[in-house]
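Chemist: Let me begin by handing over the structure; questions about it come next.
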Amino acid sequence: MRTRLKANLVWAGLMIFGFILIDGLEFAGIINTFIENMLVTIGINVILAIGLNLIIGFSGQFSLGHAGFMAIGAYATGIITPTITTIGGFYLSMFIGVIIAIIAALIVGIPTLRLRGDYLAIATMGAAEIIRLLINNLKITNGAAGIFNIPALASWATVYVIMCITTIMTVNFIHSRSGRAIMAIREDEIAAEAMGLNTTRWKLAAFVFGAATAAVGGSLHAAYIQTIAPSDFNIMASIAILIIVVLGGVGSITGTFVAAIVLGALDTILQNFGTLRMIIYSLALILIMIFKPAGLLGTWELSFKRFNRQEVADHE
Amino acid sequence: MLTVKDLVVNYGAIQAVKKVSFDIHTGEIVTLIGANGAGKSTILKTISGILRPTSGQITYQQQSLQKVAAPKIVHAGISQVPEGRHIFPGLSVQENLQLGAFLRRDRANLAQSYQDVYNYFPVLKQRRHQDAATLSGGEQQMLAMGRALMAKPKLMLLDEPSMGLAPIFIQEIFTIIQAINAAGTTVLLIEQNAKQALSIANRGYVLASGHIKLSGTGAELLANPAVQEAYLGGKL
Amino acid sequence: KSNGSSQGNTAGKTIKIGVNMELSGSAAGYGEQEKQGIQLAVNQINKQGGIKVGNTKKKVQLVIRDNKTSNTTSASVAAQLVNNDKVVAVVGPAATNAGTAAIPNMTKAAVPSVSPSATDPGYTLQKSGKVQSYIFRACYQNNFQGSSAATFVTKTLKAKRVAILTDNSSDYGTGLTKAFKKAYTGTVASSQTFQEGDKDFNAILTALKHKKIDAIYAPGYYSELGLIIKQARQAGIKVPIVGSDGMADAKLAKIAGNSNANNVYYTTPFSTKSGTTNTTAAKFLKAFKAKYHTTAPTFSALAYDSVYMIKAAIEKEDSANSVKIANGLASLKNFKGVTGTITMNKQHNPEKSIVVEKLTNGIVKQTYNVK
Amino acid sequence: MSSPLLTATQLVKNFGGLNAISNVSVHFDQNELIGLIGPNGAGKTTLFNLLTGVTPVSAGTISLYTDHGVKTVNGQTPAQVAQAGVSRTFQNIRLFKELTVLDNVRIAMTNHYHEGFISSLLRTPKFYRTETAMTVAAEKLIAIFDLSAVADQPAKNLPYGVQRRLEIVRALATKPKLLFLDEPAAGMNPEETADLTRLIRQIQQDFHITVVLIEHDMSLVMTVVERLYVLEHGALLAEGTPREIQQNPAVIKAYLGGDA
Amino acid sequence: MQTIGQQLINGLSLGSIYALLALGYTMVYGIIKLINFAHGDIYMLGAFWGYYVINVLHFSFIAAMLSAMLFCALVGVIIEYCAYRPLRHSPRITALITAIGVSFLLENGMSYLFTANTRSFPQVIKTVTYHLGSLQISNVQLLILGTACGLMLLLELIIKKTTMGKAMRAVAVDPTAAQLVGINLNHTISFTFALGSAMAGAAGVLIGLYYNSIDPLMGMTPGIKAFVAAVIGGIGSVPGASLGGFIIGILETAVQAIGLSAYKDAVVYLVLIVILLVMPAGIFGKNVKEKV
Ligand SMILES: Nc1ncnc2c1ncn2[C@@H]1O[C@H](COP(=O)(O)OP(=O)(O)OP(=O)(O)O)[C@@H](O)[C@H]1O
Ligand SMILES: Nc1ncnc2c1ncn2[C@@H]1O[C@H](COP(=O)(O)OP(=O)(O)OP(=O)(O)O)[C@@H](O)[C@H]1O
Ligand SMILES: CC(C)C[C@H](N)C(=O)O
Ligand SMILES: [Mg+2]
Ligand SMILES: [Mg+2]
């Protein structure tokens, strides 16, 4: 009981410290718009990738359609906030985005989650493309031109706080009965069913939860970047999130953070390389995967509870 | 024929086989018995070249095998019937047997080999066009042995051929192993079913957690009280 | 006067101009061409000693950054250019989407940007309809070009029924179509779309073949339009095909095949024939050919003009402070560019004349003026 | 006679053209220990799969006698059958390999401890209460089966025999009335088999449940069970006590072989 | 009526292009269960190779195509050796990311070296259009259709009849057992990559010729479509890949023919999902249920 409280306090302290640190650096002028942009992008990517990691790493469902749900959140904000230009309007739009994303995830998930492995990946990719093509052809979404001049209702602080909340909720999800259930299904679906688990329901829970976080990420993206277009949410966008997950380590939330930061920094540094940028990036990707096939952190998690315990961490 | 000397095999940090030495002479049936996880399968996989030893030597007919690739080892005359059968699902029984002869260049003698396999296992002939995945456990075991025989091995490695088989099949399998041996193939047999294995073996080795604990002729080991206690289930 | 204004960036020894450009990703082809135009312009300027500010001539230094055709990256690149590189003006991005994503950061830093090719009407405007103080472009906005095309189709081609084929993967095609439909008085017999990167248009064209139409309006880029022309002519569709400046590229006829590139028209600010009347254009075309060994594409010309517009603004204000440059751009008048004589209107759209070129056997044989 | 727990009547299962189970009727009573034997491919595992809902039946009825009366379980999903009190182990061990022993057991208890989805996301006191209660119960079960020392180990690190044991513990954690064991002694040596024999007896007595086991190891089957079914080619060949079965000429011919 | 006939021709020739690409996908996936994301880019390399050898070295069409097949086979083998082989025992998703990395590398490397511009492919074969009543079909369309069907048959023969083909199937279902009968895993996998990439090389030259327009990003969209085609047909199955290609080609054509061009890809994906729901392993795929 004591260790739990202590660990939770350490986490809360860490989050508050992070906030104050960024705030201080911003005030001191060390963090300019450019660095802020980078940090916010990292934060949004963390939100997106954590949700996808829950789906891929913990529940073992290979989804390639994350950008579709992100698009829903982004468009909810892009459509609603220009009319209701208040913070309240922003949260309302985020809420509506999440609800629509949940509905869409149910529609996509109920039939397709029966599929296995790569077949599921292709089906979810198709579903996300359908979402994108609908957006591309609808009036309310302003078609291919996308929506710009979206009011700037999300600051870096908004992104930071929501990133923390999403992370906490996701981690809580994983360390609960639900989390164990989805991991059991990942390990062995037939055995999980024989233990009385309604596998469809649990898989759907993870999928829907992930979709909801994607919508949150999309909503923040729209409000911060202030411009969205259907092409932002294509297959390559889903793949970009997938890359974060795999690079960090499938099944490691800490890894997702690390990968989002590493890739965010890499992406920014590579801006200095002009045309060579994508070549360096792709080489880096290949080399990291070859030398760290399980991702940067594998399934390792940072834990403060562990420091308090006597026993040695479990070895592979 | 085959000499294994100071063999060590690791899985990452785990040392599964710790300095094991034994040898097999041409024409023998040698059996390796031991508890689960003793390292028996690991030794077989290493001989076949699926795993690489950490240290030690494997010498087969004056040739050192520890750096030779799996296909070359098959070519040199060592065939394995792996644990869990590993037949090729989706391919017919006949195609499985054809693959057994993958490295054979003596096409003229192939027909004879099929004949031999079908003689040992008549049921395979009946099923030759059936998808191997739909065979029953016993039939799959026969197919796995048949496939290994198709390579015309000089030395055949058998990994728990009786596992999961009905008692009536077990007897049949042991009879066939003896027949194969009588026809000139040297056999290294791994068995959980120690009693039966020792009773058909010329010699046997007892393996426990990666070490050779005992060795002797089949009869000696059968009579050994320590073996009886641990591997033969007391008085059976 | 090195620190004339407290706002914005001011040039030091050199004048730093940023390039926020689509050098990889789906719009890389256009970004690449624009980069060539920009580099050509800057080379020329530096060869002549630079831009005159006060009594000294300052050399121009380019800071080129790739935005990957991504909105997020474009915003980040904009921030990097204005904050870290301290550029006083930016050329780019090429596309409206990446362009609008850069606006907040440009505005915050009070540094102007000139996009060679962002064509959406709303690009230079705020939500309220007020102009974006720091955002300019060198190209037409869609409404102008689309309605001009409609006028041309009605008045010159006398087409009563048209079919429309739109590239609906960016605002360019959809925006032009919207404007065209609004201005066109005849009947739209069919309206179909395609995507950037599509290669097979046979299905759409076969469906069109038996429709009674007098012309096809197909706003898009040469890479797709070349194929559309080729496949339409091969399918036996002979009606005029009218497009937009995205087609103004020598590669169009190459892809379509010269024998197919007949009866093809497009609106453009910039005619490869204009070399005969426009001396700036003639010089540009020659220099471009010498440097890159191909005929200059429209996007290079627009980007080239963008750089010179910034130069003109600096010289006019006699200051390389970014806020001043924005003022200079906003009040640009009768600027003699490759793509015509440009006057910046209140909405930061360049006013310049528009022409229609006609291809016969793959060669521009005739030009029309549209009023 | 004790009261019935599960009865299956006229079960049929066809895989395409193959008649894997044809007209098999069996009944298992409360607190019984029953064996199921037969040659390879006779349909034993298939019968288990039918009874646990893993494979849908082609025809026939399966009735389960619960506290709330008789329930027809054919047509139900494996999860529903499990929730009704039927649990099993698998011929090829199917543990949650990457998860710890404790988690393997807790997962099996999922349906008995409801902490609430929202309250688990928000970590309300209710969440902690339920979680603790579940963990205590799981640890107790783990202790009974001598697995406490490895409770924090991923299942994949355990030796084979221990994995088999864990699979049984996990099955028990669902609080079944009826437990199916598919070849629990496969791949074990005689010593390990003897341990297993003791364990199975203990479970059946301590937990007051019915155990049905498939096994090819006659030393285990004949010592432990009270009653045996023999399957051959998907049909019942014989039923009786171990003694009766060992002397049944048909069974000897089809299954036991000469000198067993 | 004639329009329908003509549209069918359109659909079949578009489909044959997807089929040609899907063949390579299906082979590679069949053997190492890797979605070879770079397959579309190998096709692009084939097209550029053809462009180069025809323009600069003045190869004939046949020589260009054969050399492109050879060149792409080599590239495929090199990619497998450098980027996939080190990951053979790693999680499949890792190899997938590497494949994506290779795809990015090829696309951007080519853009870097040769610019991202579209260029026109030398028209070494003069297009001749044959008229059958009001239907028309060109010699190039027939060539592509013929090549797609021919290569499909050839592949099917290789897989079903040759020793190498059997080895490929054995490796696909059980690599360990394959080694135990003397099959060399590395050779077999390299061979498969060579074969699949050669298909892509042929496709590159043919499609370059047909559409007369190539660019470094040309492999992206058809690559994904071809993969969808392979999945619809049942990934791993050679006839399935062709069938899937034709289904997509005809479907796209039909959707455009009825005037819903804006939704053509959406319909393709919808049909993909529906097919997978009815046949979870595609049309010709074996739905191997795990035996409990
Ligand atoms: N792939 C692997 N990775 C890690 N450890 C392994 C692996 N395969 C086997 N081991 C370990 O190596 C040891 C020896 O295993 P091996 O399979 O050789 O035993 P065995 O004697 O054949 O046992 P069995 O009777 O169960 O077949 C065991 O402790 C096992 O857990
Ligand atoms: N899913 C399936 N699809 C097709 N055939 C199947 C399937 N499951 C089982 N069979 C077939 O049904 C028959 C019975 O198989 P089952 O696994 O029940 O045998 P068993 O009695 O458990 O044998 P063993 O002792 O070898 O485990 C076999 O012929 C098997 O091939
Ligand atoms: C370069 C072009 C793709 C840009 C296009 N005119 C736009 O505004 O988006
Ligand atoms: Mg073993
Ligand atoms: Mg069984």
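The values are calculated or read from the model by the stated rules, or taken from the named source; none is laboratory data. Remember, it's a predicted structure, so these values are computed and weren't measured experimentally. Quick reminder, even Gly has a Cβ in these numbers, built from the backbone with ideal geometry, and neighbours come from all protein chains shown. Remember, those area values only see protein heavy atoms, side chains included, never the ligands or the DNA or RNA. Shrake-Rupley method; radii C 1.70, N 1.55, O 1.52, S 1.80 Å.
Chemist: Using the Cα atoms of the range A:247-287, I'd like the radius of gyration and the largest Cα-Cα distance, Dmax, both in angstrom.
Modeler: 11.3, 34
Chemist: If a paramagnetic tag sat 7 Å from the Cα of A:Thr85 along the Cα-Cβ line, which residues of the range A:135-153 would have the backbone N under 13 Å from that point?
Modeler: The answer is A:149-153, whose backbone nitrogens lie closer than 13 Å to the label point.
Chemist: Given the Cα atoms of chain A, and with Rh set as the inverse mean 1/r over their pairs in the Kirkwood sense, what is Rg to Rh to two decimals?
Modeler: 0.96
Chemist: Over 20 Å between C-alpha atoms is what I'm after, so list which of B:Lys5/B:Lys40; C:Lys13/C:Lys324; B:Lys18/B:Lys72; D:Lys44/D:Lys253; A:Lys203/D:Lys177 land there.
Modeler: B:Lys18/B:Lys72; A:Lys203/D:Lys177
Chemist: Also: Taking a quarter of the surface of the convex hull around the Cα atoms of the protein assembly as shown, what do you get in nm²?
Modeler: Over every viewing direction, the Cα hull of the protein assembly as shown projects on average to 57.7 nm².
Chemist: Continuing with the same structure: Can you give me the three principal axis dimensions of the range C:204-249 from its C-alpha atoms, in Å, biggest first?
Modeler: 29, 17, 14
Chemist: Which loop trypsin sites (Lys or Arg not before Pro) in the range B:160-236, with loop taken from DSSP, have no more than 13 other Cβ atoms within 10 angstrom of their Cβ?
Modeler: Of the trypsin sites (Lys or Arg not before Pro), the ones in loops of the range B:160-236 whose Cβ has at most 13 other Cβ atoms within 10 Å are B:Lys235.
Chemist: If the label point is 7 Å along Cα→Cβ of C:Gln126, which residues in the range A:68-104 have backbone nitrogen under 14 Å from it?
Modeler: none
Chemist: Still on this structure, please answer the following. For the range C:33-100, what Kirkwood radius comes out of the mean inverse Cα-Cα distance, in Å?
Modeler: Radius from the Kirkwood sum: 13.2 Å.
Chemist: If you take the Cα atoms of chain E, find Rg, then find the Kirkwood Rh from the mean of 1/r over all pairs, what is Rg/Rh?
Modeler: With Rg and the Kirkwood Rh in hand, the quotient comes to 0.97.
Chemist: Modelling each spin label as a point 7 Å along the Cα-to-Cβ direction, I'd like the E:Leu157/E:Val278 distance in nm, to one decimal.
Modeler: It is 3.3 nm.
Chemist: Cα centroids of the range D:11-47 and the range D:225-260: how far apart, whole angstrom?
Modeler: 14 Å
Chemist: Could I ask something else about it? Quantify, in whole percent, the carbon and sulfur part of the accessible surface of chain B (1.4 Å probe; protein heavy atoms only).
Modeler: 52 percent
Chemist: Between Rg and the Kirkwood Rh of the range A:176-293, both from Cα atoms, what is the Rg to Rh ratio?
Modeler: Reported Rg/Rh (Cα atoms, Kirkwood Rh): 1.06.
Chemist: Give me the compactness ratio for the range D:93-174, meaning the Cα radius of gyration over 2.2 N^0.38 Å.
Modeler: 1.12
Chemist: Sequence gap at least 6, Cα distance under 8 Å: using those rules, report the relative contact order of the range D:1-107 to the nearest whole percent.
Modeler: 24 percent
Chemist: A:Val161 versus D:Asn23, label points 7 Å from Cα toward the beta carbon: distance in nm?
Modeler: The two pseudo-label positions are separated by 7.4 nm.
Chemist: Let me see the pair-distance distribution of chain C: every alpha carbon pair, 10 Å bin width, integer percents in order.
Modeler: Using 10 Å bins, I get a P(r) of 6, 26, 33, 22, 10, 3, 0 for chain C.
Chemist: Could you grab the relative contact order for the range E:2-278? Cα pairs under 8 Å, six or more apart, rounded to a whole percent.
Modeler: 40 percent
Chemist: Bin all alpha-carbon pair distances of the range B:56-195 at 10 Å intervals from 0 and give each bin's fraction as a whole percent.
Modeler: Pairs per bin, as whole percents: 12, 43, 35, 10, 0.
Chemist: Sticking with this structure for a sec: Students often get this wrong: which residues of the range B:187-211 have the backbone nitrogen under 19 Å from the point 7 angstrom along Cα-to-C-beta of B:Ala223?
Modeler: Label zone hits: B:195-206.
Chemist: Further, regarding this structure: Assuming R0 = 45 Å, what is the FRET efficiency of A:Ala12 and B:Ser55, from their Cβ-Cβ distance, to the nearest 0.05?
Modeler: Once the sixth-power term is evaluated, E becomes 0.30.
Chemist: Starting from the Kirkwood Rh over alpha-carbon pairs, what translational D in µm² s⁻¹ does the range A:199-266 have by Stokes-Einstein at 10 °C and 1.306 mPa s?
Modeler: Taking Rh from Cα pairs, D becomes 118 µm²/s.
Chemist: On to the next question. Work out which residues of the range E:11-29 lose at minimum 40 square angstrom of accessible surface when the other protein chains are put back, relative to the chain isolated, with a 1.4 angstrom probe, and list them by number.
Modeler: Buried by 40 Å² or more upon assembly, which counts only protein chains, is no residue of the range E:11-29.
Chemist: Right, next: Placing +1 at every Lys and Arg Cβ and -1 at every Asp and Glu Cβ, with all other atoms neutral, what dipole size does the range E:127-262 have around its Cα centre, in debye to the nearest 20?
Modeler: It works out to roughly 320 debye.
Chemist: Which trypsin sites (Lys or Arg not before Pro) from the range B:103-172 combine a DSSP loop assignment with at most 10 other Cβ atoms within 10 Å?
Modeler: When the trypsin sites (Lys or Arg not before Pro) of the range B:103-172 are filtered for loop state and at most 10 Cβ neighbours within 10 Å, B:Arg105 remain.
Chemist: Round to a whole number: what % of the accessible area of the range D:177-239 belongs to carbon and sulfur, probe 1.4 Å?
Modeler: C and S atoms contribute 49 percent here.
Chemist: Take the alpha-carbon centre of the range C:51-101, take the same for the range B:158-236, and report the distance between them in whole Å.
Modeler: Computed from Cα coordinates, the inter-centre distance equals 79 Å.
Chemist: If I take R0 = 41 Å and measure r between the Cβ atoms of C:Ala183 and A:Leu92 in this structure, what FRET efficiency does the formula 1/(1 + (r/R0)^6) give, to the nearest 0.05?
Modeler: That pair, C:Ala183 with A:Leu92, gives E of 0.60.
Chemist: Would you work out the relative contact order for the range D:93-174, in percent, from Cα pairs under 8 angstrom that are 6 or more residues apart?
Modeler: It comes to 51 percent, rounded to a whole number.
Chemist: Using every pair of alpha-carbon atoms in chain B, split the distances into 10 Å bins beginning at 0 and state the percent of pairs per bin, rounded to integers.
Modeler: Histogram of Cα-Cα distances, whole percents per bin: 8, 33, 37, 19, 3, 0.
Chemist: Return the residues of the range A:117-135 for which accessible area with all protein chains present is lower than in the chain on its own by 50 Å² or more; set the probe to 1.4 Å and exclude ligands, DNA and RNA.
Modeler: A:Asp118, A:Tyr119, A:Ile122, A:Ile130, A:Leu133
Chemist: Can you pull the percent of Cα pairs in chain D with separation above 32 Å?
Modeler: It works out to 25 percent of all Cα pairs.
Chemist: Which residues, if any, in the range B:144-167 have at least 50 Å² less accessible area in the whole protein complex than in the isolated chain, probe 1.4 Å?
Modeler: Those are B:Gly164, B:Pro167, which lose 50 Å² or more relative to the chain on its own.
Chemist: Let me ask you something else. For the protein assembly as shown, with every protein chain kept in place, what is the accessible area per residue (1.4 Å probe, Å²)?
Modeler: Per-residue accessible area for the protein assembly as shown comes out at 37 Å².
Chemist: Ok, one more. If you take the Cα Rg of the range D:1-75 and divide it by 2.2 N^0.38 Å, with N the number of residues, what do you get?
Modeler: After normalising by residue count via 2.2 N^0.38 Å, the value is 1.12.
Chemist: To the nearest 0.05, what FRET efficiency results for E:Leu132 and C:Lys238 with a Förster distance of 22 Å applied to their C-beta separation?
Modeler: 0.60
Chemist: Something else: Using a simple spin-label model with points 7 Å from Cα along the Cα→Cβ vector, what separation in nm is obtained for E:His58 and A:Asp23?
Modeler: About 7.6 nm separates the two model spin labels.
Chemist: Taking a probe of 1.4 Å and counting only protein heavy atoms, give the total accessible area buried between chains C and A in Å², rounded to the nearest 100.
Modeler: That pair of chains buries around 2600 Å² in total.
Chemist: Then there's this: If you add up the charges near B:Ala179, with Lys and Arg at +1 and Asp and Glu at -1, over every other residue whose beta carbon is less than 12 angstrom from its beta carbon, what do you get?
Modeler: Value of the local net charge: -2.
Chemist: I've got another one for you. Using a 1.4 Å probe and counting only protein heavy atoms, how much accessible surface gets buried when B and E come together, both sides summed, in Å² to the nearest 100?
Modeler: 1700 Å²
Chemist: Still on this model: In the P(r) worked out for the range D:12-54, what percent of Cα pairs fall beyond 18 Å?
Modeler: 30 percent
Chemist: Same structure again: Quick check: at a probe of 1.4 Å, how many percent of the accessible area of the range A:2-309 sits on carbon and sulfur atoms?
Modeler: C and S atoms contribute 72 percent here.
Chemist: Then there's this: For the range C:1-156, what number results from the quotient of the Cα radius of gyration and 2.2 N^0.38 Å?
Modeler: 1.11
Chemist: Right, here's the next one. Any idea of the total accessible area buried by the A-E contact, 1.4 Å probe, rounded to 100 Å²?
Modeler: So the buried area, both faces added, is about 3600 Å².
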